[in-house]
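The values are calculated or read from the model by the stated rules, or taken from the named source; none is laboratory data. Treat the numbers as computed from the prediction; the structure is a model and nothing was measured. Here the Cβ is made from the backbone with ideal geometry for all residues, glycine too, and neighbour counts use every protein chain on show. Accessible surface is based on the protein model in full, side chains and every heavy atom, while ligands, DNA and RNA are left aside. Shrake-Rupley method; radii C 1.70, N 1.55, O 1.52, S 1.80 Å.
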Amino acid sequence: MTYTASMRVWRGDDEGGELVDYEVEVNEGEVVLDIVHRLQATQAGDLAVRWNCKAGKCGSCSAEINGKPRLMCLTRMNTFGEDEVVTITPLRAFPVIRDLVTDVSFNYEKAREVPSFTPPVGLEPGDYRMTQVDVSRSQEFRKCIECFLCQNTCHAIRDHEENKKEFAGPRFLMRVAELDMHPLDTLDRKELAQDELGLGYCNITKCCTEVCPEHIKITDNALIPLKERVADVKYDPIRWLGSKIRKRDGL
Amino acid sequence: MSEIERHSYDVVIIGAGGAGLRAAIEARSHGLRTAIITKSLFGKAHTVMAEGGIAASMGNVNSNDGWQVHYRDTMRGGKFLNHYRMAELHAKESPDRVWELEAWGALFDRTADGKISQRNFGGHEYPRLAHVGDRTGLELIRTLQQKIVSLQQDDFKEFGDYEARIRVFAECAITDLFFEGEGDGRRVAGAFGYWRETGNFLAFEAPAVVIATGGIGKSFKVTSNSWEYTGDGHALALRSGSTLVNMEFVQFHPTGMVWPPSVKGILVTESVRGDGGVLTNSEGRRFMFDYIPDVFKAQYAETEEEGDRWYTDPENNRRPPELLPRDEVARAINSEVKAGRGSPHGGVFLDVSKRLPADVIKAKLPSMWHQFKELADVDITLEPMEVGPTCHYVMGGVEVEPDTGAAARVPGLFAAGEAAGGMHGSNRLGGNSLSDLLVFGRRAGLGAALYAQAVASETGAGRPALPDAVVEAAAAKALEPFSRQGGENAFTIQRDLQQVMNDLVGIIRTETELVDAIASLAGFRERVAQVTVEGGRVFNPGWHLALDLPNLLTVSECIAGAALVRQESRGGHTREDFPGMNPEWRRFNLICELVDGNVGVYKQDLPTMPDDLISLFEVAELKKYLTEDEISRLPEGIQR
């Protein structure tokens, strides 16, 4: 059961780095994160890696394994051949801090740009009534563990650093969809999604859905419906006119 | 030495799990400048691991529920060692704390009439746990995280700065607390820490510090806890001169994964049993029926038929013994395995596949289905899981004043959540942790806010001054592991320490083993003092662990020390040489303190439950727990 694997791990910092080869023991049932921990304990005590729960619940140990954005704790070593070299590199869309750890603060800044849940005025805690079928849609999106693999893989971010200012990425557009589908939220964020958060940058290639470890259908269930709702508001001539008139009243 | 960042806050909260975030919301809502410090990224706290739910007697599923029933269940679960006032506040305030989450955007699973659904759990008389599938902790942490973001958005509108009144210091660890004054006037003045990302130091000037650092699970080899759980807050409080209570009580969750080895210890939620999962041994026997202790005989089914009927008709049947409190189930599994009736990989079988259809399992237990599929190649809709006990939670923690969370002996120091002790007595019921975080997180945040305001009015709003020499000494101490040569690396020492605790201070304890453990732990002092670190200060996990190790060792010494003194078995403390519960021992808490750098343990009287609370029980039940003398002094009017 035990064998020696060839691992290639990116070591370095914000000034540069390189892939370093290691030979390391692998036992039955182990995942990539176990191997990284064994490297820390035996060969590279200062190897930087983020992790917490080791059970796919916290979304900390995101990295790219043989080029694919994955959680290290959910990637089993037996999905690779014993003679296959397994390469681990940090998330490419975010600046490297050291080794496998990247600066993901971009995501926390974007989170602040989505206006929070806004319940109806006068609805007291304890008086909320919602049906299961109505909450289920948003609940799917609240399964998100904020591993940021979707943000990392989305080509609008990954290949276009310049978009980061205008594009919040799938995770936070999904947050807008979540609030938009919340049965009791009262705030309309559709124009904001289009104008401030860059919904138009998404061209529904579904890369985000593909890498989501929670198997959330980000594109089909969040982004496309959000685009449809935005289109209803922005491109329906009567609603467009209505929105202009209301705005004028507000002046 | 590089520049040390200085920050000034009214309240510094160490820990960003449920208790820390709830405390921060409360302090900030009182207008105070609040810092939240977390070793991990914002939103990754151990609270996300909580699966089953939040216990609160809202009565949405069974209207017979109420705070008195919840109070009784909590005291029974803790074997009457709980601090009565904490259990009372917890039972009374949990519903408000859950409803408040909903107003902040949480989306719980619903009942048919649109209320928050509540599920059954071990030790709870009625369906009581508000839940979101089996990822309730994630919902709780995300809701609190998003509430904090909304407060930051408010501040941005008012001041043009998101962080004007509340800032999260992510990937930042606290190594020391600062104090000012002498004798009776000695009080908290701030905290010292480092950024994990850069290795640079920072000093906080603050009159009030809230410890919300969670638990100590990393003292043990098999644990459901993450790397963060090194008892930092417990050790900080102890080193500050405060005290810890109930440290001998460690909860081994009965159902952790046992195979493959790399996932050994990862939690399997109690909801599996709450939703109908049964435990069987290698002979196919539902062995829990053999392990119902006398104190619980009245409340649990005696036959499989009755237990099975309870799921659909709880009014006329008693619950199955799979739903006994966690300490009972963990000990039972341990005994079955020792008797040679275990599963192939040293656990027992937990099966829900024969009880529920596949689609229901996937809807009710999605993360469990996912976890076993991905990590163990087991499809829980088709086959049983293999499970065994795993170190999950410490009942012991900082000794606090129940209403305010103020830590014993040290003005300005507060504690809440798993880091605080007393609430759960000798054993915590499932679901009572998330509610504990919210109830006492809020109270500690409020306690710290009122204290900081009082200090400000007394000193004219000036914050404590931290002399450079004190700050530089803290920095020098943190850098020591780099300057040493030839010591061991931190990972090796931690692994050996975990082995000692697992072998000698685990689920079943004896005097000889505890004495061995204490001697062995003493030997670790020198090893920890000589730990050596390779590499630099930028995000260096070896260094980070080297700084956590003294904390881990201190809490391990507390657990072993208190476990040796308590000569009885109760809740999360089982002594093979003193197998029964002893009413004489119920009258005492064990308190740990640090005397000249050594852990001392002494007995302290348990606070006396007032008449209105003790009257909630019948004498017949109290006789199982109280001494004859205590029974003779029970108030008039109690049901005899």
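Brief remarks follow.
- Residue within region B:233-254 that is open to solvent by 10 Å² or more (accessible area, probe 1.4 Å) and on the phi > 0 side of the Ramachandran plot present: yes
- Output for region B:450-490, where each listed residue is touching a residue at least 40 places away in the same chain (Cβ under 8 Å) and not in a helix (DSSP H, G or I): B:Arg463, B:Pro464, B:Ala465, B:Leu466, B:Arg484, B:Gln485, B:Gly486, B:Gly487, B:Glu488, B:Asn489
- Matching residues in region B:115-135 - criterion: being away from every other protein chain (no Cβ under 11 Å), touching a Gly at 6+ places or on another chain (Cβ under 9 Å) and either more than 28 Å from B:Arg326 (Cα to Cα) or not hydrophobic (A, V, I, L, M, F, W, C) (or both): B:Gln118, B:Arg119, B:Asn120, B:Gly122, B:Gly123, B:His124, B:Tyr126, B:Pro127, B:Arg128, B:His131
- Matching residues, region A:38-95, being open to solvent by 20 Å² or more (accessible area, probe 1.4 Å), among the small types (Gly, Ala, Ser) and within 11 Å of chain B (Cβ to nearest Cβ): A:Ala41
- Qualifying residue in region A:145-159 (condition: open to solvent by less than 10 Å² (accessible area, probe 1.4 Å), more than 10 Å from chain B (Cβ to nearest Cβ) and within 30 Å of B:Lys115 (Cα to Cα)): no
- Close pairs from region B:260-277: first more than 7 Å from every other protein chain (Cβ to nearest Cβ) and within 22 Å of B:Trp310 (Cβ to Cβ), partner among the basic types (Lys, Arg) and in a loop (DSSP other than H, G, I, E, B), Cβ under 8 Å, at least 6 apart: B:Asp275/B:Arg355; B:Gly276/B:Arg355; B:Gly277/B:Arg355
- Candidates B:Val263, B:Val250, B:Val268, filtered to the one that is of a type in the set (A, V, I, L, M, F, W, C) and over 17 Å from the mean Cα position of the chain (by Cα): B:Val263
- Residue count for region B:460-489, restricted to those that are open to solvent by less than 60 Å² (accessible area, probe 1.4 Å) and either within 14 Å of chain A (Cβ to nearest Cβ) or of a type in the set (Val, Ile, Thr) (or both): 6
- Some residue of region B:151-163 being within 14 Å of another protein chain (Cβ to nearest Cβ), assigned to a loop (DSSP other than H, G, I, E, B) and polar (S, T, N, Q): no
- Qualifying residue in region A:18-36 (condition: closer than 12 Å to A:Asp99 by Cα, within 12 Å of another protein chain (Cβ to nearest Cβ) and surrounded by fewer than 22 Cβ atoms within 10 Å (Cβ to Cβ)): no
- Meets criteria (over 30 Å from A:Ser116 (Cα atoms) and either in contact (Cβ under 8 Å) with a residue 24 or more places away in the chain or not in a helix (DSSP H, G or I) (or both)) for B:Arg142: no
Results for (1) open to solvent by less than 40 Å² (accessible area, probe 1.4 Å); (2) out of contact with any helix residue (DSSP H, G or I) (no Cβ under 7 Å at 6 or more places or on another chain); (3) among the β-branched types (Val, Ile, Thr), shown as yes or no for each residue.
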| position | (1), (2), (3) |
| --- | --- |
| B:Gly600 | yes, yes, no |
| B:Gln604 | no, yes, no |
| B:Met609 | yes, no, no |
| B:Ala620 | no, yes, no |
| B:Tyr625 | yes, no, no |
| B:Ser632 | no, yes, no |
| B:Pro635 | yes, no, no |
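- Residue ID - most open to solvent (accessible area, probe 1.4 Å), chosen from residues in region A:96-122 that are part of a helix (DSSP H, G or I) and more than 8 Å from chain B (Cβ to nearest Cβ): A:Glu109
- Top-ranked residue of region B:333-377 - restricted to ones that are of a type in the set (Val, Ile, Thr) and open to solvent by 30 Å² or more (accessible area, probe 1.4 Å), ranked as nearest to B:Gly137 (Cα to Cα): B:Val360
- Residue within region B:490-508 that is away from every other protein chain (no Cβ under 14 Å), over 17 Å from B:His573 (Cα atoms) and open to solvent by less than 10 Å² (accessible area, probe 1.4 Å) present: no
- Complete set of residues in region B:83-114 that are surrounded by 22 or more Cβ atoms within 10 Å (Cβ to Cβ), facing chain A (nearest Cβ under 8 Å) and farther than 18 Å from B:Gly59 by Cβ: B:Gly105, B:Leu107
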